[in-house]
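Here's the structure we're looking at; comments come further down.
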Amino acid sequence: MSEAETDEGSAEGTAGGRPGGAPGAPARRPRVAAAVTAAVLFAGVAAVLALTTPWSPLPGHVPGGRVRPDPALDFTPAEIARSRAFDSAVNPPAYSGLAVGLVLVLVLGFTPLGARFIGWVTARTRRRWLRIITATLALTTLLRIAGLPFDVWGESVLRRYGLSTQSWPAWLVDQAKSLAVTWVIYTIALLLLYALTRRFPRYWWTGAAAGGFVLVVFVSFVYPLAVEPVFNKFHSLPAGQLRSDLLAMARRDGVPVKDVLVADASRRTTSLNAYVSGFGSTRRIVLYDTLLKSPPAQVESIVGHELGHAERDDVLWGTLVGALGVAGALCLLYPLMTSPRLLRRAGLDPGAPGPGGAGPDARRGGGAADPRSIALLLALVTAGTTLAAPVQNLVSRRIEARADVHALDLTRDPSTFVSMQHALSVRNVSDLDPDAAEYLLWLTHPSGPDRIAMARDWARMHRVRVPPPQH
Ligand SMILES: [Zn+2]
């Protein structure tokens, strides 16, 4: 990524301006092409989601009608009160952290403040790639520091409810690690993107869309090997009854599972969880070590759910759909990042050379090639991911419900499933009655009472004993 060559290299086209147009005026044709490509990709994502999401995870007629979720049926008044109290304690830090983070990133991006901040932190940096790295580190760190008080607040609530087992220094180390992971991923992505904006001022969005797709798939594939070990240690579930039962269940299910891993989650939390990550050769089923004290039948029920994800390749599917959405978003970035109005609003003059030796940036690809536009880029990315989250959660909840149905089909034991869901909700102090905003913003899984109600529906449909109330 050498400065000199790309400066004078023979990149295609005249810098973002149509021949005879005003200097710096964006070319119309690539902007239209990028917007149309984005629309086609988004329509593709919408169609795939509409057609492949299991909108009714438990299809068929339930004799006597479907059960309505009712926390009072399975949870004691004390458990319900504790869940409500926890909910009202974690919501203020969660919502205010989200709001402050959003406002900050939007203000930085859509006013000249972000460009000025980057100009200030990169004032002494001449090399373009170094300016991109410095700007990325400075912005992501600033945002993380702004969110830190809310994270501390949220973590102190977890402590009060006995959900966290970490010391504050260990917790801070985790925060630093997760910031470092963000740095690495953002830096790689932005170095590639800004190399493209400079090299191909009018068509960088095509390379960005293809590169974004590949990068998302790559990160998801190497995530279990490259990122998860940064936070946890993993070991194989030791030989014994549980291990052989779980592997036998996987064989019976026709899902090739070579190993079940245990994560040392108890160094951080008392909550119970399990998950599947990666795909192909990196796919793994991971149990929290906190789960190992649960009755083996409950662990089997949980693994049955994870096998449901594995069998359907939910991680790969989610990765591919997500990557398609990212590709669409990167196409959409082009008309936005070359919009003279938006650039001026962000303090980036689309026509004039920028300070700090950024002259060639402005000639090539306009303000979008100026590293000071990273603030605007981050604001657009945040706006996009925030808008996409409710859709992701909606689809995720259906996929989770389908994995629940898989566990029920496999174990044919709704009573254990219900006792497991009950234990999970009580131990994790889950929200037993989420409101609409919580479903929209946070809930990747159906609530405990939702999952319990579906298990009762399953029992009725399959004429198996309906699980009795849990208290
Ligand atoms: Zn799941």
| If a residue has to be under 22 Å from the mean Cα position of the chain (by Cα) and polar (S, T, N, Q) to count, how many in the stretch 165-177 make the cut? | 1
| request: Quick one: which strands (runs of 3 or more DSSP E) lie wholly within the stretch 221-291 and hold at least 1 residues that are more than 16 Å from the ligand (Cβ to nearest atom)? | output: 234-236, 260-263
| said: Scan the stretch 127-143 and tell me whether some residue there is of a type in the set (A, V, I, L, M, F, W, C) and within 29 Å of Asn273 (Cβ to Cβ). | reply: yes
| task | Could you list all residues from the stretch 381-413 that are more than 20 Å from Leu51 (Cβ to Cβ), surrounded by fewer than 21 Cβ atoms within 10 Å (Cβ to Cβ) and of a type outside the set (Val, Ile, Thr)? | result | Ala383, Gly384, Leu387, Ala389, Asp409, Arg412
| Identity of the residue in the stretch 438-456, among the hydrophobic types (A, V, I, L, M, F, W, C) and open to solvent by 20 Å² or more (accessible area, probe 1.4 Å), that ends up nearest to Asp409 (Cα to Cα) | Met454
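To keep it simple, each residue is scored yes or no on (1) open to solvent by less than 50 Å² (accessible area, probe 1.4 Å); (2) in contact with an Asp or Glu (Cβ under 7 Å, 6 or more places away or on another chain); (3) touching a residue at least 12 places away in the same chain (Cβ under 8 Å); (4) over 30 Å from Thr134 (Cβ atoms).
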{"position": "Ala189", "(1), (2), (3), (4)": "yes, no, yes, no"}
{"position": "Tyr194", "(1), (2), (3), (4)": "yes, no, yes, no"}
{"position": "Gly212", "(1), (2), (3), (4)": "yes, no, yes, no"}
{"position": "Phe221", "(1), (2), (3), (4)": "no, no, yes, no"}
{"position": "Val227", "(1), (2), (3), (4)": "yes, no, yes, no"}
{"position": "Leu242", "(1), (2), (3), (4)": "yes, no, yes, yes"}
| message | So if I check each of Arg312, Arg268, Arg251, Arg284, which one is open to solvent by 20 Å² or more (accessible area, probe 1.4 Å) and free of Cβ contacts under 8 Å to residues at least 60 places away in the same chain? | response | Arg251
| request: Considering each of Thr444, Thr382, Thr386 in turn, give the residue that is of a type in the set (Ser, Thr, Tyr), in a helix (DSSP H, G or I) and touching a helix residue (DSSP H, G or I) at 6+ places or on another chain (Cβ under 6 Å). | output: Thr382
| query | Does Val184 fit the bill of being in a helix (DSSP H, G or I) and either assigned by TED's automatic domain parsing to the domain that holds Phe279 or open to solvent by less than 70 Å² (accessible area, probe 1.4 Å) (or both)? | reply | no
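The values are calculated or read from the model by the stated rules, or taken from the named source; none is laboratory data. Just so we're clear, the structure is a prediction, and the values are computed from it rather than from any experiment. All Cβ positions, even for glycine, are placed from backbone atoms using ideal geometry, and neighbour counts span all protein chains on display. All accessible areas refer to the heavy atoms of the entire protein, side chains included, with ligands and DNA or RNA removed. Shrake-Rupley method; radii C 1.70, N 1.55, O 1.52, S 1.80 Å.
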